[in-house]
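Quick note: the coordinates plus some simple rules give every number you see, no bench work behind them. As the structure is a computational prediction, the values presented were derived from the model and not from experiment. Cβ placement follows ideal geometry from the backbone for every residue including glycine, while neighbour counts extend to all protein chains displayed.
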Amino acid sequence: MSRHFPQVGEEAIDFELNAVGDKKIRLSDYRGKKNVILSFHPLAWTGVCADQMVDLEQNIQRLNDTDTVPLGISVDSIPSKKAWAESLGATNVEFLSDFEPKGEVIKKYNIWHRGGFSERAVFVVDKKGVIRFAKVYPTKQKPDFEEFFDVLSEIYNV
């Protein structure tokens with residue numbers, strides 16, 4: 001039996017999560033303003049997850065050029081995500097915590113891993129709140145930035 005992950009063409013599931021910097025971020029706050037990358041990663045302080053977030057950070061200008069904000073989401077606590085973001089030198093990616101209640105958003109997106117964390121997944125949400133790219137990756141595979149950036153380029157040029 002396969003799980004149903006949010007698919008291209010569906011409206012993104014709204015949520016509100018705590019973020020590094022003592023703020024709350026609601027997905028719907030970006031509606032009409034920004035495209036959003038929901039970059040779910042299993043756990044902070046792990047190699048592939050670090051590479052995934054650094055990839056977003058290193059491509060921030062390209063994301064800015066397409067009116068896109070990257071959100072890095074995991075079940076880690078805010079203090080852990082804050083220290084991790086600082087260790088990565090990541091100042092442009094929003095680090096969000098789905099810590100309490102643990103995995104609430106991850107469960108809504110149906111990407112809960114039996115190990116108690118999220119699957120590795122990327123969703124691109126356009127300014128209308130519609131999913132334009134959706135992919136769940138093997139845990140040990142870093143998402144290919146170019147794969148979902150191509151979708152952002154198409155959205156921005158339309």
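Put simply, the amide H of Val75, placed in the peptide plane, has neighbours under 5 Å in Asp98, Ser118, leaving out anything fewer than 5 places away on its chain. The amide H of Gly129, built 1.01 Å from its N in the peptide plane, has Gly32 as neighbours under 5 Å, considering only residues 5 or more places off or on other chains. The candidate values were [x] 126; [y] 104; [z] 137; the one computed from these coordinates for volume of the Cα convex hull per residue in Å³ carries the label [y].
Could you list, in their original order, any pairs among Lys33/Lys102; Lys33/Lys142; Lys102/Lys140; Lys107/Lys140 whose Cα atoms are separated by more than 26 Å?
On the way: Lys33/Lys102 29 Å; Lys33/Lys142 28 Å; Lys102/Lys140 22 Å; Lys107/Lys140 20 Å.
Beyond 26 Å: Lys33/Lys102; Lys33/Lys142.
Phi-derived couplings, Karplus 6.51 cos²θ - 1.76 cosθ + 1.60 at θ = phi - 60°, listed residue by residue for segment 122-137: 10, 10, 9, 10, 7, 5, 8, x, 9, 6, 10, 8, 8, 8, 9, 9 Hz, with x used for Gly and Pro.
For a quick check, take a GNM of the chain with Cα springs below 10 Å and name the residue from Ser87, Ser97, Ser118 with the largest mean-square fluctuation. Highest fluctuation of the listed residues: Ser87.
Can you compute the helix-only [θ] at 222 nm over the chain? Use -39500 (n - 2.57) per DSSP H run of at least 4 residues, normalise by all residues, nearest 500 deg cm²/dmol. Walk me through the numbers before you get to the answer.
Details: 5 runs with 47 residues, N = 158.
Calculated from helices alone, the mean residue ellipticity at 222 nm is -8500 deg cm²/dmol.
Full extension of the chain between Lys128 and Ser87 gives 11.4 nm of extra length, using 0.36 nm per residue less the Cα-Cα distance. Could you pull out the trypsin sites (Lys or Arg not before Pro) across segment 24-106 that fall in loop regions by DSSP (anything but H, G, I, E, B) with no more than 11 other Cβ atoms inside 10 Å? For trypsin sites (Lys or Arg not before Pro) across segment 24-106 that sit outside H, G, I, E and B with at most 11 neighbouring Cβ atoms in 10 Å, the list reads Lys33.
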